[in-house]
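Take a look at the structure set out below.
The values are calculated or read from the model by the stated rules, or taken from the named source; none is laboratory data. Worth saying up front: this structure is predicted, and the values here are computed from it rather than measured. Neighbour counts are summed over all protein chains in view; Cβ atoms, including those assigned to glycine, are modelled from backbone coordinates with ideal geometry. Remember, those area values only see protein heavy atoms, side chains included, never the ligands or the DNA or RNA. Shrake-Rupley method; radii C 1.70, N 1.55, O 1.52, S 1.80 Å.
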Amino acid sequence: MRFLFLGDLVGRPGRDAVKKHLPDLRRELGLDAVVANGENAAAGFGITKKICEEMFESGVDLITGGNHSWDQREALAFIDDEPRLLRPHNYPAGTPGRGVGVVDAGRGRKLLVINMMARLYMDPLDDPFATMKAVLSSVRLGATANAILLDFHGEASSEKMAMGHYVDGKVSLCVGTHTHVPTADTMILPGGTAYQTDAGMCGDYDSVIGMDKQAPLARFTRKLPTEKLQVAKGEGTLCGVFVETDDKTGLALKAFPLRKGGRLQATQPQLV
Ligand code: FE2
């Protein structure tokens, strides 16, 4: 199975990069499934039903979330009826929505997607490691699902690397989101799990993590309150991780970073 995970879509530049590049990439890379983190898709804060529809039309099969999942309050109302939109699975019991979803990857194959949130420098949610253990106790890679993708939304590279090793051999891809900067550590771990500490954002990199530079600079240099943060409006870079898996074992055969458009240097999966 070939699938692409796209890092946090930040506002319109992120959404536009998806619309511009994803239809061609689906064809060129022979993608069976596409998953994107959408927690910053609505002007940097949350996601709306309309934006979900837009992303599905552009070729995204399933959208994951994080600490900004509820910034647009309407998400609390429609998430129960939209299985293609996830929020972190380790929110307290009773939170609307779900943290596990399935993508039909064609030819009878299933990609299981798990969304989890880290705790270092983040909201104090349930233990993501214990929660992963509980999820994996009822799911077997290569049996229950042909491939499994974990979006681990967190700040600290240490916690994300630890999670990668914790699930090594049990999921196809463990990828981090949230920092909005892609890391250069795309690899296949010893047990066969593809890993990248952070996928990076789909957004304008002439910014401070996707936001117009002026307000963050004023906050950092003068400690003054500023206007609400606004999304930077330049051309977005599409940023993500491509993985090819063995359909029988679910383990990764190939893992490549993918960057296209905007300011970051482009990189394409090497398929031959
Ligand atoms: Fe986040």
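Summarising the strand pairing of segment 119-272, around 60 percent of its internal DSSP beta bridges are antiparallel. Residues whose amide H lies under 5 Å from that of LEU141, counting only those 5 or more places away or on a different chain, are absent; hydrogens are built 1.01 Å from N in the peptide plane.
Could you check what % of the DSSP bridge pairs in segment 1-113 are antiparallel, to the nearest 5? The partial results should precede the final answer.
Working: 4 of 12 bridges.
Counting only bridges with both partners in segment 1-113, antiparallel ones make up about 35 percent.
Relative to the current alpha-carbon distance between THR226 and SER138, full extension at 0.36 nm per residue lengthens the span by 26.9 nm. Residues whose amide H lies under 5 Å from that of ASN40, counting only those 5 or more places away or on a different chain, are LEU9, GLY46; hydrogens are built 1.01 Å from N in the peptide plane.
Think of it as helices only: each DSSP H run of n ≥ 4 in the chain is worth -39500 (n - 2.57), and spread over all residues that comes to -6500 deg cm²/dmol at 222 nm. Relative contact order for the chain: 19 percent, from Cα pairs under 8 Å spaced at least 6 residues apart, divided by residue count.
I'd like the antiparallel share, as a percent to the nearest 5, of DSSP beta bridges with both residues in the chain.
On the way: 24 of 50 bridges.
Given both bridge residues lie in the chain, the antiparallel proportion sits at roughly 50 percent.
The Stokes-Einstein estimate for the chain, based on a Kirkwood radius over Cα pairs and taken at 4 °C with 1.567 mPa s viscosity, is a diffusion coefficient of 71 µm²/s.
Between PHE56 and ASP185, what is 0.36 nm times their sequence separation minus the Cα-Cα distance? Round to one decimal in nm.
On the way: separation 129, 0.36 × 129 = 46.44 nm, distance 2.89 nm.
Full-extension gain reported as 43.6 nm.
For a protection proxy built on the mean count of beta-carbon atoms within 10 angstrom, sort 194-206, 84-96 highest first, please. Before the final figure, lay out each step's value.
Working: 194-206: 27.2, 84-96: 18.2.
Output ranking for 194-206, 84-96: 194-206, 84-96.
Once backbone amide H atoms are built at 1.01 Å from N, ILE148 has LEU112, SER172, LEU173 as its partners under 5 Å, excluding neighbours fewer than 5 places away on the same chain. Rolling a 1.4 Å probe over the protein heavy atoms gives the chain an accessible area of 43 Å² per residue. Computed from backbone phi with θ = phi - 60° and the Karplus coefficients 6.51, -1.76 and 1.60, the 3J(HN,Hα) list for segment 208-219 is 10, 6, x, 9, 3, 5, 4, 5, x, 5, 5, 5 Hz; x is used for glycine and proline. Per-peptide packing, taken as the mean over residues of other Cβ atoms within 10 Å, places 130-140, 1-11 in the sequence 1-11, 130-140 from highest down.
For the chain, which whole percent of the accessible surface, found with a 1.4 angstrom probe, sits on carbon and sulfur atoms? Kindly include the intermediate steps, with their values, before the conclusion.
Numbers: 6210 of 11580 Å².
Here carbon and sulfur together make up 54 percent of the probe-accessible area.
Each residue of segment 172-185 was assigned a 3J(HN,Hα) from its phi angle through the Karplus expression (A = 6.51, B = -1.76, C = 1.60, θ = phi - 60°), giving 7, 9, 10, 10, x, 9, 3, 7, 6, 10, x, 9, 9, 10 Hz with x at Gly and Pro.
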